[in-house]
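Quick note: the coordinates plus some simple rules give every number you see, no bench work behind them. Quantities reported herein were computed from a predicted structural model and do not represent experimental measurements. Please note: Cβ atoms are built from the backbone with ideal geometry, for glycine as well, and neighbour counts cover all protein chains shown.
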Amino acid sequence: MSITSERSQLVFRKAEHALRKLSSGQDAERVHRFRTTVRRLQTMLEELSPERDRNQKKLLKILERVRKRAGKVRDLDVQLTALRSLKILPEPRRKTRLTHGLIELRLKHENKLRKILTRNVIREVRKRLRRASKEAGLETSRDPLAIARQMLAQVEFPAEPLTEDVMHQFRTAVKRARYAAEFAPKSAEASQFIAELKRLQDAIGSWHDWLTLTHSAGTRLGDVSESSLVATLHNVTGSKFRHAVAALSASPAFKGVLRHTKSTEQSRRLNTHAPTRVVRTDVAA
């Protein structure tokens, strides 16, 4: 069953509203809302629309440029949130130093974001959004749930234990699949599927947030041998990775696909302070 014109029009209106809000302020909520709204619009036009005309292609190109700038700010927001959630930490002075460094970096990226949000850019995006909303022919599109499942099926499961790179692929696929599924008409099946994707998105997204923070801490404070704070962050990130793998393993969306491996060596590697690109983990059946 295809999505309705009313649903597509709502996405265009939300995108224009999010852009207007972002242009007037770049706080964490406005940045996050803009990025998720643009992602939904991109998914609708790239995955659900029969074809894109010249105006839509140009619109997506401009929005992608702004979204990437906003993404730099969003990355710093989630890192700061994660860091502040750690109440008891070794090296409190280094935590303060890291916090101040991340805040300063956020301000730099916020200024860059503000600079590209010129009146001309905003005017052009709004004009193209309104034109695209009149031209979008989504009534003939395919079933959003079927498309969402195809997105998940395109992720290749490795024969070896999952790596960070593969987990990043899952993160992107799950996010876009959820946005596609949200265009489906309301039903028990759709609600259950979307809830499952949201659960996976939260688990994998949490790992990614901590991974980003750990990389930032390592760059600013040194490796695990130089900072117990960095070592602690590595341990938290490893725990988040295990949780994400377990969530994928138990998910009906990927049932029977993940390789289930168990070994003492895998557990030992996850709990070590040494960073690694390949993370082995126990996976519950």
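Sorted into 10 angstrom bins from 0, the C-alpha pair distances of the stretch 30-88 split as 21, 39, 23, 11, 4, 1 percent. Cross-link reach is defined here as a Cα-Cα straight distance under 17 Å, omitting same-chain residues fewer than 8 places apart; for Lys134 the lysines meeting it are Lys14, Lys57, Lys58. Between Gln154 and Leu107, the C-beta separation translates, for a Förster distance of 45 Å, into a calculated FRET efficiency of about 0.70.
Here Lys127 is the anchor, and the aspartates and glutamates within straight C-alpha reach of less than 19 Å, apart from those fewer than 8 places off in the same chain, are Glu16, Asp53, Glu64, Glu135.
Summing Cβ point charges (Lys, Arg +1; Asp, Glu -1) relative to the Cα centre of the stretch 1-140 gives a dipole of roughly 680 debye.
Shape descriptor for the stretch 1-125: Rg over Rh equals 1.09 (Cα atoms; Rh from the Kirkwood inverse mean 1/r). Among the lysines, select those whose C-alpha is under 24 Å from the C-alpha of Lys95, and discard any that sit fewer than 8 residues away in the same chain. Excluding near neighbours in sequence, the set is Lys72, Lys87, Lys108, Lys240.
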